[in-house]
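Right, one structure below, let's go through it.
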Amino acid sequence: MKTIRYFSTISVSSAILIALVSAFIPSFIGCSDTPANGSPVASLDTKFNAKRSYDFLKEICDLGPRISGTEAMKKQQKRLEEHFTKLGGVVRRQEYKIKSPETGEPIPLTNMVVSWHPDKKERILLGAHYDTRPYADEDPDIQAARKLGGLIGANDGASGVAFFMEMAYHMSDLKGNYGVDFVLFDAEEYIFDKERDRGLLCYGSKHFAADYVMNPPKDYEYKLVVIVDMIADKNLQLYYETNSLRKKTSREAMYGIWKIAKDLKIKEFYRVEQHEVIDDHLSFIDQGIPAIDIIDFDYPHPSIPYEQQYWHTTKDIPENCSGESLAKVGTVLLKWLEVYKQ
Ligand SMILES: [Zn+2]
């Protein structure tokens, strides 16, 4: 397996990547044969319910595009607040406003925090974004995509939400060294124009991390931030993301998670560094907080001559996702949360 190299052209993404340029396409294709023999989830000793998580993913997609500040986003928030509260989570909302880059109107944004074992002073933040991109700007038919008014974001949006909805069943009983907060970030990709709106990338997590540093909580601290993004691809491939490896604490945590996957014989965690991604984890790294990103950035891209093109297109739909992929990530993280200690 080759490590893919990228030019440093910034391309906007949910996970905003350092864009792949066609000169390197051959090496990328060379990687596409790796996940063919994935481990069947049925063989795993796991509490994480693959089918239920996939049903959640479909339910969230049925809300339609969950663009920041829209009615569909409000419906999603209400559904999630009820869900997590019912399962014993303590839910709070961090609310703030942003100016729409399109109209200048104020747009209400909300990061949703769900705390488990809130009495624990040392905590892990597990995060994902729960907004979807305002339109499918990588779609081959951009005009048609604009008219559709947003993408479904089954993998890029709903996968993180569905993951936490299922994880919530297993948190109250979890034995571990740290308390856990799920944080669902708004406005990770409130991007209408890639160049003009570049400063808005990962806005929700930037707001959250800056507030955490400016107004540090008196009674707890985050030891580590773990972001999940695009983890429901049917053809799951998880590599060590480059920015996550830069600092010792996060690097060791990442290696520890991948080692647990190896011990569990979950083959989709490749112990190879690949992809440098701008995602919500960077908002924390920039504030000096250790953070890693678990992301499948090999979800088929329009910039790559795959037969299918899903990422930031109208084809990012449940049919291209799998509950088994969510279950593999969940099984690994549940085990890791039980044993992780800095
Ligand atoms: Zn995206």
remark   = Filtering segment 133-163 for residues that are acidic (Asp, Glu) and part of a helix (DSSP H, G or I) leaves a count of 1
Condition broken by Thr110, with the remaining ones in (1) outside any loop (DSSP other than H, G, I, E, B); (2) within 26 Å of Leu337 (Cα to Cα) satisfied = (2)
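Only one of Lys86, Lys99, Lys121 is away from the ligand (no atom under 16 Å from the Cβ) and closer than 17 Å to Gly69 by Cα; which? Don't jump to the end; show me each part of the working.
On the way: Lys86 fails: closer than 17 Å to Gly69 by Cα; Lys121 fails: closer than 17 Å to Gly69 by Cα.
The conditions single out Lys99.
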task = Kindly establish whether Arg196 is within 20 Å of Ile231 (Cα to Cα), among the basic types (Lys, Arg) and either within 16 Å of the ligand (Cβ to nearest atom) or touching a residue at least 24 places away in the same chain (Cβ under 8 Å) (or both).
result = no
Among (1) closer than 12 Å to Ala154 by Cβ; (2) within 16 Å of the ligand (Cβ to nearest atom), the one test that Asp296 misses = (1)
query = Within segment 152-159, is there a residue that is surrounded by fewer than 22 Cβ atoms within 10 Å (Cβ to Cβ) and within 20 Å of the chain's Cα centre (by Cα)?
reply = no
task = Report yes if Asp137 is closer than 24 Å to Gly199 by Cα, acidic (Asp, Glu), within 16 Å of the ligand (Cβ to nearest atom) and surrounded by fewer than 24 Cβ atoms within 10 Å (Cβ to Cβ), otherwise no.
result = yes
task = Could you look through segment 40-89, keep only residues that are buried (at least 16 other Cβ atoms within 10 Å of the Cβ) and at pLDDT below 95, and pick out the one that is farthest from Glu105 (Cα to Cα)?
result = Leu44
ask   = Can you tell me which residues in segment 204-231 are under 14 Å from the mean Cα position of the chain (by Cα) and not in a strand (DSSP E or B)?
value = Gly204, Ser205, Met230, Ile231
request  = Taking the options Ala168, Ala232, name whichever one is at pLDDT 95 or above, farther than 17 Å from Leu337 by Cβ and not polar (S, T, N, Q).
outcome  = Ala232
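The values are calculated or read from the model by the stated rules, or taken from the named source; none is laboratory data. Fair warning: this is a prediction, and the values are worked out from it, not measured in the lab. As a convention, Cβ positions derive from the backbone with ideal geometry for all residues, glycine included, and neighbour counts pool all protein chains shown.
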